[in-house]
1. What's the angle, to the nearest 10 degrees (0 to 90), between helix A:185-203's Cα axis and the longest principal axis of chain A?
2. Per DSSP H run of at least 4 residues, take -39500 (n - 2.57); add these up for the protein assembly as shown, divide by its residues and hand me the 222 nm value, nearest 500 deg cm²/dmol.
3. Can you order the peptides B:173-179, A:254-260 by their average number of other Cβ atoms within 10 Å per residue, highest first?
4. How crowded by other chains is A:231-241, given as the mean number of beta carbons from other chains within 10 Å of each beta carbon?
5. Relative contact order of chain B: what whole-number percent is it, with Cα pairs under 8 angstrom and at least 6 residues apart?
6. What is the ratio of the Cα radius of gyration of region B:11-178 to 2.2 N^0.38 Å, with N the residue count, to two decimals?
7. Once you have the Kirkwood Rh of the protein assembly as shown from its Cα pairs, apply Stokes-Einstein at 4 °C and 1.567 mPa s and quote D in µm²/s.
8. So how do B:330-338, B:88-96 stack up, highest first, on mean other-Cβ count within 10 Å?
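Values quoted throughout were computed directly from the atomic coordinates according to the rules given, and no laboratory measurement underlies them. Everything quoted here is computed from the prediction, not taken from an experiment. Cβ coordinates were reconstructed from backbone atoms using ideal geometry, including for glycine residues, and neighbour counts include every protein chain displayed.
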């Protein structure tokens, strides 16, 4: 089992109306607040009003910075930094999903960038400081509310890069499952695929020794399988929403990767797919993962898929458990209305080589459970077609 | 699902030789260090030397406060407070297991007690401040290294009481599984029973809605079942030790009780047993839990035991899964050399009524999965006899 360090400092407030009281929490960290949000659905569904009421009753003044895009853009981050500096902002409250949180993290550290915030993403500069931030989460998917990661897209250079720094770990996160009840069916499903994909990337490792991390990964996959379809069919089922929301946070806060290597090849395949086609991130993952599984399943990796089949899908007997576990996953994705093939969403097969080449060029060989080169990537895309 | 708050601030350093580097961590918090430990096994097995080397190379002076008893006593805590005050101690490093950590927590807050530290335990006063503390863990069992609890025994008044305060949450914990390789077979087994008992108290709840907490509890129980017997048979199996150690910390750091009520009746039954007979805490739990399970299993609680049988023991079919799950647990305890009946350890049945009365007197009705009154407690003791 590999050594590890763990630092789960984000304080979690979980439940209905938990936004009440965050003024006290915010006052510990700052006085001049910037409220960052996305396209306005928080205003449509009353979440903005609840946050505004809480801040007003706590006598906290804030400025708004809305309009963050689903894949947050570098120019939005730069604009946010400018506004934050002009207003001497010392605390950011991110109200939204992964995109809003990631943009807020980038702004929080970007304020102290000597040259440009993008230097942190390219690795040219190291993040030394950030203003504190807190989160009011409105969709279960990315886990950004309790981790050190942020992904930003630089449209000019066609790059999508990430930072990983404890400086941008949120101080607190409000998880009110009722806020996710207004998330539409398709995005609920895409969120579930995203959560499961995060777990898969950590679960499907060549390392066998981190038994705690593996069993916990299986337990969260079971939550997705049990509660996901319920949340999909009945968006206002609070219990299902609550369990999915909490599983989502735990899926990528660091707990599941402790003591082992992680894979993340499928995310690179999926990101490249979304760079070419306008698909929800979760839908690219539901297309890529079954194909990736079929391709990497061989005599060396079979043990892991058998474990997956037995412990996650309750498969028993000795016959083709590995293959059946992948079929079960495809069935689940279809049950919640997600595609598992590019053809299902009208994608032609004329870009497969280019996509595989792009990944090869940027990353070289990828993957941990099985190392993947250009030919492998192309074969996975073909299986996913 | 019930609302919850979660604050997992303790930084975890997990792996071999992780004691190296803690000087830097300690320097963030204090300059005058008190090193608290137990009966001297840390000196016998070289752990003390490793800590001493690290502190010396970090140029950290410290005073020693050793001799903490297995069930830490109030008079030891009071003595520790006196020594700490005389030496202007501003940081405590606890090197040991649950008893040493609990005593350290009591000393850390007791330094600021206006009258006496015991007032915090009786509830007469509230803990407002504590000096920071860190942990080097040497046995997997109590989970005290990453939680807000401490239990101290007042021998004079024959009371064993607890505090629960975020002020005494350790700042960091070093979990080096190789330190547990010298733990003898019997205490390894008792530790495993203790870990499983902590999980049971949270898992066997009347609430059905906290699916994440339930699935995670099952995953950690599976770790105990898979890795426990290996660690028991072969104490120097690092992988098994590592997984048990990490499961132990996660079992009682708050994660498993989120969103639900917990039971804790069995712990009260077990504590009362250990007040009368000199048994390891884990052995009292391996005696009480199967009896408690048999007694509370009825038509209202069967669903939970069926869940336990299916998800933890891989039982299938529809026949007597609940009963079989309890048998499996008894088999496991016997496999690792633990008793499941009082008779097995030479206890006579002439104290059962008195023990049941004592619990009734102190706590009244106890339990959550099923409420237990005097007659119930006596019946459980009889089943456990």
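1. For A:185-203 against chain A, the angle is about 70 degrees.
2. Values: 30 runs with 372 residues, N = 770.
Computed ellipticity for the protein assembly as shown at 222 nm equals -15000 deg cm²/dmol.
3. Those peptides, ordered most packed to least, come out B:173-179, A:254-260.
4. Mean number of neighbouring Cβ atoms from other chains: 1.
5. 15 percent
6. On the way: Rg = 14.6 Å, N = 168, 2.2 N^0.38 = 15.4 Å.
That works out to 0.95 for region B:11-178.
7. Once the numbers are plugged in, D ends up at 47 µm²/s.
8. Highest mean packing first, the order is B:88-96, B:330-338.
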